[in-house]
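The structure under discussion appears below in the form of C-alpha cells.
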Amino acid sequence: MPVCKSKLDKLWQVSLEIPLESEDAVIELFIRLFGNDVCPSAWQLHESTRTRVSFYTAKLRKTPAAIKALIKGELKKLAALGLDVSAPRISVRQIKKEDWAESWKRHFKVLTFDKKLMIAPSWSKRKASKGMVRLVLDPGLSFGTGHHPTTSYCLSQIVKYMPAEGEKRSMLDIGCGTGILSIAAARLGYKPVFGFDNDAEAVENSIKNATTNQAEKLVDFKAMGVEKMNTRKKDLWDIVCANLEAPLLMQVAERIAAKVAPKGKLVVAGILTQQFKAVSETYKKYGFKVTDSWTGGEWTSGTLERA
C-alpha cells in the first residue's frame, strides 16, 4: 500500500461525522467508494455519541463537491436500510502533513496480542513485558498497522499458532501490504517467511518496516500478483494468511489452497460478513473446513483447516 512521502507538504482529509453505531458501516462505505488503497480511521468525539471517520490521500480522484455529493447519495441508501446516519457532517479539506502526523500521535493506540506481541508507534514509550515481541510501525496514508479488524485477526492467529521452542513452522503472507504479518511471524519464530503484494510500493515499504524491526534477514518480500503463485506440491506452508477481498479469494482459491501444508492453517480475512459463507463454501470444495471465525464490525475473518 502507498505510504506518506516526505516531499508532500499537504494532504487531503476526507471526514464524516455520524452516530457512533454507524462507524463500521461508514468505514466500509469509504473503502467501497474510494478503493482498498485507503484505510479509514475513526475515533469517538469527546463526551459525545458521535464519531469521526476519516481517510487521507495525496490526491483526490474527484472534486471536493463531487465527493461530498457521492457520499451523501450513499448515506441515503444506508438510511433506507435502517442505519442511523442522521445529521452527517462531511468535510473535504487540505491539511498540513504535520497536522496529520500529530493527529495520529493523539489517537494511535498500542496493541497487544496474548502477551506475546506488541504493535506500537515510534513515539510510544511503552515497553514490552518479558517474553513479548515489540514491533514499531507508524501509520501511513494507507496502512496496515494491526488496528483494522481483519489485520488484527490475522495477527491473533499468527500468535496463537506460533512455533514452540525448537519447532519449525513456516508462514506465507498473501497481499503483505505494510508487511506487518510477515514481520510479526518472523520475529515470533516462524521460518521461512515470505510475503508478496501486487503493489511494488507496498513491498518497498514492507522491506523498510522489516529493517526497522530487525527482521530484514528473517523474511523475504516480492512484488507479484496472486495469480503468479506456483502450484508446486513441495512449496507448502504451515500457515497461510490471505487478507484479500472475497471475490479474489474465491477466484484464486485453487492456487491458495495448494499452498497449505497438511494439517496447516489458512487464515482468510478482508471479507464482508455477508460474503463469508460464499468464501468458506468455495474452500470447502478443496477440502477445507472453518475451525474458527470472528466478526468485527462489517468484517468476518476465519481460520480454515483441511477436513
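Each reported figure results from applying straightforward, stated rules to the coordinates on display, with no laboratory input. Model, not experiment: these values are computed from the prediction. As a convention, Cβ positions derive from the backbone with ideal geometry for all residues, glycine included, and neighbour counts pool all protein chains shown.
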Legend entry - Cα centre as origin, Lys/Arg/Asp/Glu Cβ charges: the chain dipole, Debye: 460 debye
Legend entry - Reachable lysines, given that their alpha-carbon falls under 19 Å from the alpha-carbon of Lys68 and they are not under 8 places away in the same chain: Lys59, Lys76, Lys77
Legend entry - Beta bridges per DSSP with both ends in region 165-307, % antiparallel, nearest 5: 40 percent
Legend entry - Residue-averaged 222 nm ellipticity for the chain, from DSSP H runs of 4+ at -39500 (n - 2.57), nearest 500: -9000 deg cm²/dmol
Inset, instruction - Along Cα→Cβ, 7 Å out, is where each label goes; now give me the distance between the ones at Lys289 and Lys127 in nm to one decimal. - result: 4.7 nm
Inset, instruction - List nothing, just return the count: lysine pairs in region 238-307, 8 or more apart or interchain, with Cα separation under 14 Å. - result: 5
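Could you give the longest part of the chain that holds none of the GluC sites (Glu not before Pro) found in DSSP loops with at most 14 neighbouring Cβ atoms within 10 Å?
Details: sites that count: Glu47, Glu165, Glu167.
Between exposed loop sites, the widest span is 168-307.
Going through region 255-307, which trypsin sites (Lys or Arg not before Pro) have at most 13 other Cβ atoms within 10 Å and a DSSP loop state?
Within region 255-307, the qualifying trypsin sites (Lys or Arg not before Pro) (loop, at most 13 other Cβ atoms within 10 Å) are Lys285.
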Inset, instruction - Among Thr151, Leu75, Thr178, flag the residue with its Cα farthest along the positive direction of the charge dipole of the chain, charges on Cβ as +1 for Lys/Arg and -1 for Asp/Glu. - result: Thr178
Inset, instruction - Evaluate the distance, in nm, between pseudo-label points positioned 7 Å from the Cα of Leu272 and of Thr211 along their respective Cα→Cβ axes. - result: 3.9 nm
Inset, instruction - Give me the number: length gained by fully extending Glu201 to Glu281, i.e. 0.36 nm times residue separation minus the C-alpha to C-alpha distance, one decimal in nm. - result: 25.5 nm
